[in-house]
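Chemist: Handing you a structure now.
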Amino acid sequence: MNKSEIITLGCRLNKFESEIINGHVEAADLKNIYIVNTCAVTCEAVRQARQEIRSLRRKRPDGKIIVTGCAAQIDPNSFSVMPEVDLVLGNEEKLNAENYILDTKQDQVFVSDIMKSRGISGHPINRFRSRTRALIQVQQGCDHRCTFCIIPFGRGNSRSIPPDFLIDQIRNLTKNGHKEFVLTGVDISSYGHDFVEKSTLGKMVCCLLDQVPTLERLRLSSLDPAVIDEALISALAEYPRLMPHLHLSVQSGNDIILKRMKRRHNRRNVADLCDRIRRVRPDIVFGADLIAGFPTETEEMFQDTLKLVDEAGLTYLHVFPYSPRDGTPAVSMPQVPIGLRKERSKRLREKGDLAKTIYFDQLLGSKAIVLIEEKGRGYTEHYAPVQISQKLESGYIHRLRITGHNNQILSAELLP
Ligand code: SF4
């Protein structure tokens, strides 16, 4: 009988959940089960999921194929009608061990209305299979309704995991050798807003760093620039173990476009926020998600996005050409021609590459503290990728000297 397999598409949260699913599959010693944990962020992501399913069936003609994740949650029937598919599970149902041992007949669908989900309990994980950096889910879902985004309909409204569970989880994982943790979710900036006694991401971060002194490096996944709380800014000033790198979900540098996206910040907010954080943590490095070619975006508006990269001092850019997503309001706005979307994305990526090269040039000859992950690769505290030629065991933190770079990755040598 073939070993079971999980194919994970999409975001860090999906990767985290695939670790939980893997735990269920291993605990029940299930064989010949193939799980596709899908993403729905773009139409392309959904097309990719179908492709994975078809090639899986060709490879595993007698295997049981289970489809889950956001694409399955949002449109379960579009997968249950596929002859290749045996079972469709929703994003809540995928975390329930029983659903993998049930003897289900062909094209069964277990998908509940995720918009009705309230509260969330954590899922204990003892160790990550192939990761030195441990992903920690702190939150699920999103209360916002950005006009280009389908995610809330796959993940439900925002729900936070209680801090006590997170403290135990991280304590446990540090005992098992993990040195770096990435707090993840859908909208972690809204952490704690759903508790009876309201809390914030910043308060939770301080609590984790105080309660788990063995936690060596803490990172945060994408943040909403409109919801960075005071406690988080103080934590960046006070805790060296909170890594000096923030990734912001900026999306555009033009205020009219930000309004049409239904974002909660404007360009001034982003530039001021970065300045403010730089004053308390001068070595901080910022990354940002940016969309090029959002409906109605003119060349002049796009120029505002290019300018914001300099004004806010953004170094790592994740650039996405706008992708129309059925079921979102932006799909019915006047579209920018696809060629222009791609051309603007190319210019924005070039802008990002230049910003990164300038930053890497500044690092030459400097010291860096790097967690080696695999094959001599790792990341600095500022999230710059590093390759070292010396054979170093993965999972350990080393002091290195930056000796060069190729615009994409730094090279380094071990310091005595
Ligand atoms: S904040 Fe906006 S972009 Fe992010 S998940 Fe929520 S709706 Fe989507």
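Chemist: With the crude spin-label approximation of a point 7 Å out along Cα→Cβ, what separation in nm comes out for Y396 versus T214?
Modeler: 1.9
Chemist: Kindly sort T174, T214 by accessible area of their heavy atoms, largest first, with the probe set to 1.4 Å.
Modeler: From most accessible down to least: T214, T174.
Chemist: Pairs of Cα atoms under 8 Å, at least six residues apart: use those to get the relative contact order of the range 92-238, whole percent. Working shown, then result.
Modeler: Numbers: 219 pairs, mean separation 32.8, N = 147.
Once normalised by length, the contact order is 22 percent.
Chemist: Could you grab the relative contact order for the range 49-137? Cα pairs under 8 Å, six or more apart, rounded to a whole percent. Mind dumping the intermediate values first?
Modeler: Working: 93 pairs, mean separation 20.0, N = 89.
RCO, the range 49-137: 22 percent.
Chemist: Rg/Rh for the range 121-267 to two decimals, with Rh computed the Kirkwood way over all alpha-carbon pairs. Let's see the in-between values first.
Modeler: Numbers: Rg = 15.7 Å, Rh = 16.0 Å.
Checking Rg against Rh, the ratio lands at 0.98.
Chemist: Using a 4.7 Å Cβ cut-off, which Cys residues in the chain lack a partner cysteine?
Modeler: So, C11, C39, C43, C70, C142, C206, C207, C274.
Chemist: Could you derive backbone 3J(HN,Hα) for the range 210-221 from the dihedral phi with the Karplus parameters 6.51, -1.76 and 1.60 (θ = phi - 60°), listing whole Hz in sequence and x where the residue is Gly or Pro?
Modeler: Along the range 210-221, the couplings run 6, 7, 10, x, 7, 6, 7, 9, 10, 10, 10, 7 Hz.
Chemist: Also, I was wondering about something else. Counting alpha carbon pairs within less than 8 Å and at least 6 residues apart, what relative contact order, in whole percent, applies to the chain? Each step should come with its number before you reach the end.
Modeler: Numbers: 843 pairs, mean separation 41.7, N = 416.
Normalised by residue count, the contact order of the chain is 10 percent.
Chemist: Ranked from the most accessible area to the least, with a 1.4 Å probe and all protein chains present, what is the order of I7, I74, I188?
Modeler: Numbers: I7 25, I74 60, I188 0 Å².
My answer, sorted largest first, is I74, I7, I188.
Chemist: Put M261, M1, M333 in order of accessible area, largest first, 1.4 Å probe: what do you get?
Modeler: Greatest to least solvent exposure: M1, M333, M261.
Chemist: Simple spin-label model, 7 Å along Cα-to-Cβ: R268 to D168 in nm?
Modeler: So the label points at R268 and D168 sit 4.8 nm apart.
Chemist: A follow-up question, please. Mind running the shape call on the range 1-134? Use the C-alpha gyration tensor, a ≥ b ≥ c as the square roots of the eigenvalues: rounded below 1.5 for a/c, prolate if a/b tops b/c, oblate otherwise. Walk me through the numbers on the way to the answer.
Modeler: On the way: a/c = 1.31, a/b = 1.11, b/c = 1.18.
In terms of gyration-tensor shape, rounded.
Chemist: Once the cut-off is 15 Å, how many percent of the Cα-Cα pairs in the range 367-414 end up in the long-distance tail?
Modeler: The share of Cα pairs beyond 15 Å in the range 367-414 comes to 27 percent.
Chemist: Just the ratio, please: alpha-carbon radius of gyration of the chain over 2.2 N^0.38 Å, N its number of residues. Intermediate values should be presented prior to the final figure.
Modeler: Working: Rg = 21.8 Å, N = 416, 2.2 N^0.38 = 21.8 Å.
Relative to the rule-of-thumb radius for its length, the chain sits at 1.00.
Chemist: Just to be sure I understand: of the beta bridges DSSP finds with both ends in the chain, what percent are antiparallel, rounded to 5? Don't skip to the answer; put the middle values down first.
Modeler: Values: 19 of 61 bridges.
So the antiparallel bridges amount to about 30 percent of the total.
Chemist: Within the range 131-146, what residues put their amide N at less than 15 Å from the label point 7 Å along the Cα-to-Cβ vector of M115?
Modeler: Within reach of a label on M115, which here means backbone N under 15 Å from a point 7 Å along Cα→Cβ, the range 131-146 contributes 142-146.
Chemist: A follow-up question, please. If the only charges are +1 at each Lys and Arg Cβ and -1 at each Asp and Glu Cβ, what is the size of the charge dipole of the range 340-416 around the Cα centre, to the nearest 20 debye? Don't jump to the answer; show the numbers that get you there.
Modeler: Details: 14 positive and 9 negative charges, 92 e Å.
In debye, rounded to 20, the range 340-416 gives about 440.
Chemist: At 7 Å along Cα-to-Cβ for each site, give me the label-to-label distance between R349 and R60 in nm.
Modeler: 3.2
Chemist: I would also like to ask the following. What does the extension gain come out to for R47 and I358, with contour length at 0.36 nm per residue minus their alpha carbon separation?
Modeler: Values: separation 311, 0.36 × 311 = 111.96 nm, distance 3.71 nm.
That pair, R47 and I358, stretches by 108.3 nm at full extension.
The values are calculated or read from the model by the stated rules, or taken from the named source; none is laboratory data. From a predicted model like this one, the values you see are computed outputs, not experimental measurements. As a convention, Cβ positions derive from the backbone with ideal geometry for all residues, glycine included, and neighbour counts pool all protein chains shown. Just so you know, the surface numbers come from the protein's heavy atoms only, side chains and all, with ligands and any DNA or RNA stripped out. Shrake-Rupley method; radii C 1.70, N 1.55, O 1.52, S 1.80 Å.
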